[in-house]
Amino acid sequence: MSGPGSAAAGALELLAGRGQSLAVAESLTGGLVAGALTAVPGASRVVRGSVTAYATDVKRDVLGVDGALLAERGAVDGEVARQMAGGVRKVLGADWGIATTGVAGPLPQDGQRVGTVFVAVQGPDGAGEVCRLALAGDRDRIRQDSVEAVLGLLLSELAEKSRAQDTEQHGGNGCLQP
C-alpha cells in the first residue's frame, strides 16, 4: 500500500488516535495536499484547514515567514518551508503543520532548478523535519511527488514520535539536507 491516499489515511489515523489536529501550507502543490487529506473519510476529525500560499507576500503576511529570509533566499528554501509549517500551525490553531514549497516548472525560480522542492513538518513541541527533494518529471509529476513526499514525511514523523515514546530513541528519515 503506497501513494498519497495511504499515507494520508495512515497519518490521519495516528493523529485521530492522539486527539491531535493538522494544518497544511502549500505553495507549488496548490491545494493538492489538502485535497489528498480531505479525500479520506473522517478527515474532518483532524484537518483544521489549509493555506495555499502561492505568492511570496502571502507566505510573509499570512504565514509569518520572515520577510528578510524571503528577500535573501527566495521562497524555495528549507527554512522557508520550516517557517511555513510553523506559521500554518499557529494561524489555524493546529497541533501539527506541514508545508510544501518548490519549483514545479517549466522554468527555474529563485535560482533553483525545476524539481527542487522542500517539504516540512512541525509538531506540537515545535520540533520537526525539513526535506530537500530533487524530483524529475513534468510539472504534474513533480507536484504529485511533492504531495507524496510531504505526507510520507508526516507519517514518518508521527511514527517516529510513537517509537520514541516507546523506546526513547530518535533516528533520521533519509531526507536530503536542506
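The values are calculated or read from the model by the stated rules, or taken from the named source; none is laboratory data. As the structure is a computational prediction, the values presented were derived from the model and not from experiment. Cβ sites come from the backbone with ideal geometry, for glycine too, and all protein chains shown count toward neighbours. Only protein heavy atoms, including side chains, enter the accessible area calculation; ligands, DNA and RNA are left aside. Shrake-Rupley method; radii C 1.70, N 1.55, O 1.52, S 1.80 Å.
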**Study point:** Segment A134-L107, length gained on full extension (0.36 nm per residue, minus Cα span)
**Key:** 8.2 nm
Study note, to complete from the structure: Neighbours of L32 by Cβ distance under 14 Å: Lys/Arg at +1, Asp/Glu at -1, summed charge -1
Exercise for review: Show the residues, 5+ positions off or on another chain, whose built amide H is closer than 5 Å to the amide H of T52.
Suggested key: E26
Review point. Dipole of the stretch 1-77 (Lys/Arg Cβ +1, Asp/Glu Cβ -1, origin at the Cα centre): which of T56, P41, S6 lies farthest to the positive side?
Key: P41
Exercise for review: Give me the distance in nm between label points sitting 7 Å out from Cα along the Cα-to-Cβ direction at D61 and Q20, one decimal.
Suggested key: 3.3 nm
**Study point:** Crossing angle, helix 139-167 versus the chain [Cα axis fit, 0-90 degrees, rounded to tens]
**Key:** 40 degrees
Practice item. With the Cα gyration tensor of the chain in hand, convert its eigenvalues to equivalent ellipsoid semi-axes via √(5λ) and list them largest first in whole Å. Key: 24, 17, 16
Practice item. Using a Förster distance of 22 angstrom, determine the FRET efficiency expected from the C-beta separation of K90 and R45, and round it to 0.05. Key: 0.55
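Largest first, what is the accessible-area ranking of S44, S6 with a 1.4 Å probe?
S44, S6
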Review point. With the contact rule set at Cα under 8 Å and sequence spacing of 6 or more, what percent relative contact order holds for the stretch 25-169?
Key: 21 percent
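Would you rank V51, V91 by solvent-accessible area, highest first, keeping every protein chain in place and using a 1.4 Å probe?
Ranking V51, V91 by accessible area, largest first, yields V91, V51.
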Review point. By how many degrees, between 0 and 90 and to the nearest 10, does the Cα long axis of helix 4-18 differ from the longest principal axis of the chain?
Key: 50 degrees
Point to revise | Long-range amide H partners of V65 with built H, under 5 Å | key: R60
Study note, to complete from the structure: Shape call for the stretch 1-83, from the Cα gyration tensor axes a ≥ b ≥ c (a/c under 1.5 means rounded, otherwise prolate when a/b beats b/c, else oblate), comes out prolate
